[in-house]
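Asks: Quick one: the structure is below, and I'll ask about it shortly.
The values are calculated or read from the model by the stated rules, or taken from the named source; none is laboratory data. For clarity, every value in this text was computed on a predicted model and none was experimentally measured. Using ideal geometry, Cβ is built from the backbone for each residue, glycine included, and neighbour counts are taken over all protein chains shown. Keep in mind that these areas ignore ligands, DNA and RNA; they rest on the heavy atoms of the full protein, side chains included. Shrake-Rupley method; radii C 1.70, N 1.55, O 1.52, S 1.80 Å.
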Amino acid sequence: MPKAVSYLLLTIVLLAAFLRFGDLAGPSLWDDEMHTIDFAGRPVETMLAQSAQKDSNPLGFYLLLHAWLPFGRSEVHYRALPALFGTLAVLAIYWLAAALFNRPTALLAALLAAVQPLSVYCSREARAHTAALLALTLATLFLVRLLQDGRLRFCFGYLVSLAAALHLHYY
């Protein structure tokens, strides 16, 4: 990758991070976020038992957040994990667009993803949306690469990413 493209991509990813991580403590946690944090804070055995009975979301994000919780207990900390996933999704969108089109198109796609208001908003919530976006973008990328050159590693990446997406979000 030429240095100019690398610098532009780095600038776009830093912009995405700035928009997603800036003021994570802003609005107070709302009902769905509080439910997510409460559920993720339970013992894993309890989450497994209660998930099938009470919750309409898969366990993947709860388990990720459960592993994240011991490192901090604040609104910023709870929301930092989805902000990280949202930032990484911008990079994954670049890779997908580069695989489908060319680098200039990929840079534009990444820039649009970096500043897209709904993506920024969802990245600033303690919910599974951005983790699912990242997993689905990676699954699509691996599928495209599998169809382009048929290497087994892309099949493995596709299956793992798709399985992760199914464990993060149902729709």
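Asks: How much FRET efficiency would the formula 1/(1 + (r/R0)^6) give for Ser28 and Val144, where r is the Cβ-Cβ distance and R0 is 35 Å, rounded to 0.05? Could the numbers behind the result be given before it?
Replies: Values: r = 40 Å, r/R0 = 1.16.
Working from the Cβ atoms, E equals 0.30.
Asks: Which one, Val5, Leu136, Leu118, projects farthest toward the positive side of the charge dipole computed for the chain from Cβ point charges (K/R +1, D/E -1)?
Replies: Val5
Asks: Now for a separate question. Express the Stokes-Einstein translational diffusion coefficient of region 84-161 in µm² s⁻¹, to the nearest whole number, given a Kirkwood radius over alpha-carbon pairs, 4 °C and a viscosity of 1.567 mPa s.
Replies: 102 µm²/s
Asks: List residues of region 16-42, by number, whose backbone nitrogen lies under 20 Å from a label position 7 Å along Cα→C-beta of Val115.
Replies: Backbone N within reach: 16-23.
Asks: Efficiency by 1/(1 + (r/R0)^6): what FRET value for Phe101 and Lys54, r their Cβ-Cβ distance, R0 = 41 Å, to the nearest 0.05?
Replies: For Phe101 and Lys54, the calculated efficiency is 0.40.
Asks: Ok, one more. Write down Rg/Rh for region 19-171, rounded to two decimals, with Rg from the C-alpha atoms and Rh from the Kirkwood relation over Cα pairs. Don't skip to the end; give the middle numbers.
Replies: Numbers: Rg = 16.5 Å, Rh = 16.3 Å.
Rg divided by Rh gives 1.01.
Asks: Given R₀ = 25 Å, FRET efficiency for Ser74-Glu45 by Cβ-Cβ distance, to 0.05?
Replies: 0.45
Asks: Near Tyr121, within a Cβ-to-Cβ distance under 11 Å, what is the net charge of the other residues, with Lys and Arg +1 and Asp and Glu -1?
Replies: +2
Asks: With charges only on Cβ, +1 for K and R and -1 for D and E, what is the dipole size of region 18-98 about its Cα centre, in debye, rounded to 20?
Replies: 200 debye
Asks: Something else about it: Of the accessible area of the chain, with the probe set at 1.4 angstrom, what percent is carbon plus sulfur? Don't jump to the answer; show the numbers that get you there.
Replies: Values: 6590 of 9380 Å².
Ligands and nucleic acids excluded, carbon and sulfur reach 70 percent.
Asks: DSSP loop (so not H, G, I, E, B), at most 16 other Cβ within 10 Å: list which chymotrypsin sites (Phe, Trp or Tyr not before Pro) in region 87-128 pass both filters. Write out the running numbers ahead of the final one.
Replies: Details: sites: Tyr94, Trp95, Phe101, Tyr121; in loops: Phe101.
Taking region 87-128 and a limit of 16 other Cβ atoms within 10 Å, the loop chymotrypsin sites (Phe, Trp or Tyr not before Pro) found are Phe101.
Asks: What is the dipole size for the chain, taken about its Cα centre, with +1 at each Lys and Arg Cβ and -1 at each Asp and Glu Cβ, in debye to the nearest 20? Show your work: numbers first, answer last.
Replies: Numbers: 12 positive and 10 negative charges, 132 e Å.
For the chain, the charge dipole is close to 640 debye.
Asks: Could I ask something else about it? Using the charge dipole of region 68-166 (Lys, Arg: +1 at Cβ; Asp, Glu: -1 at Cβ; taken about the Cα centre), state which of Gly157, Tyr94, Ala109 has its Cα farthest towards the positive end.
Replies: Positive-most Cα among the choices belongs to Gly157.
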